[in-house]
1. Listed residues 187, 177; which is under 24 Å from residue 99 (Cα atoms), touching a helix residue (DSSP H, G or I) at 6+ places or on another chain (Cβ under 6 Å), buried (at least 16 other Cβ atoms within 10 Å of the Cβ) and in contact (Cβ under 8 Å) with a residue 60 or more places away in the chain?
2. Given the conditions (1) over 28 Å from residue 161 (Cβ atoms); (2) exposed (fewer than 11 other Cβ atoms within 10 Å of the Cβ); (3) under 28 Å from the mean Cα position of the chain (by Cα), report the number of the one that residue 79 does not fulfil.
3. Could you tell me whether any residue of segment 161-172 is touching a residue at least 40 places away in the same chain (Cβ under 8 Å) and either buried (at least 17 other Cβ atoms within 10 Å of the Cβ) or within 19 Å of residue 245 (Cα to Cα) (or both)?
């Protein structure tokens, strides 16, 4: 820290924080406005894409099933309707906000980092930079896994499940968007498990020995968590969520080991 940074008053720090919040808010609004203007592309080719059988995951599954000689997937298309006069407009706004928040998150974290960085020592800066980078990568990997794997499998099961052939499924737009935002963001957050383990390991709260000792218990707990995240209930979707979560647990063990060795 420089002498000037040490001598900053409370009001000067508050002013710097105000600038950070202002720059972050401006970036969020600009990206949100851009997404808002791309309404047809965002909804037709991104958000609603998993609702039809042309989605990449379904085509890949058909190729795999064809190679092993099993029947291909049934034709799939969700019938999505709107039942509220103002719902489409407000869903357009809220969805634009959530997507903008995800896209601008690296910039927002960079602004927060620029505010906190002067108060840290060099070794602390390196540790925090590594943690932020690792966490950011895992979050976006989780977002991609949620979008390309977990969400399509979930809506394909729930959207085609019927208690009787006389009861047709007609999905409301609000229900679809809620599932889309909730499931994908949750998967992105859950993928932060290894970065959290690394931080706790550096603080001396968590160790690789502890994680190894309770590996079997963790597997059961993660399967239960997968069942909560994906309410579809079918074994295939459960394993599609549970196995990546367990892989993250194993990665957490590796990260804890690396962190401990670095501290030694």
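1. Answer to the check: 177.
2. Going through the list (1) over 28 Å from residue 161 (Cβ atoms); (2) exposed (fewer than 11 other Cβ atoms within 10 Å of the Cβ); (3) under 28 Å from the mean Cα position of the chain (by Cα), residue 79 breaks only (1).
3. Checked against the condition, which is being touching a residue at least 40 places away in the same chain (Cβ under 8 Å) and either buried (at least 17 other Cβ atoms within 10 Å of the Cβ) or within 19 Å of residue 245 (Cα to Cα) (or both), segment 161-172 yields no hits at all.
Throughout, read-outs are computed from the coordinates displayed, never taken from laboratory work. Remember, it's a predicted structure, so these values are computed and weren't measured experimentally. A quick note on method: Cβ atoms are made from the backbone with ideal geometry, for glycine too, and the neighbour counts reach across all protein chains shown.
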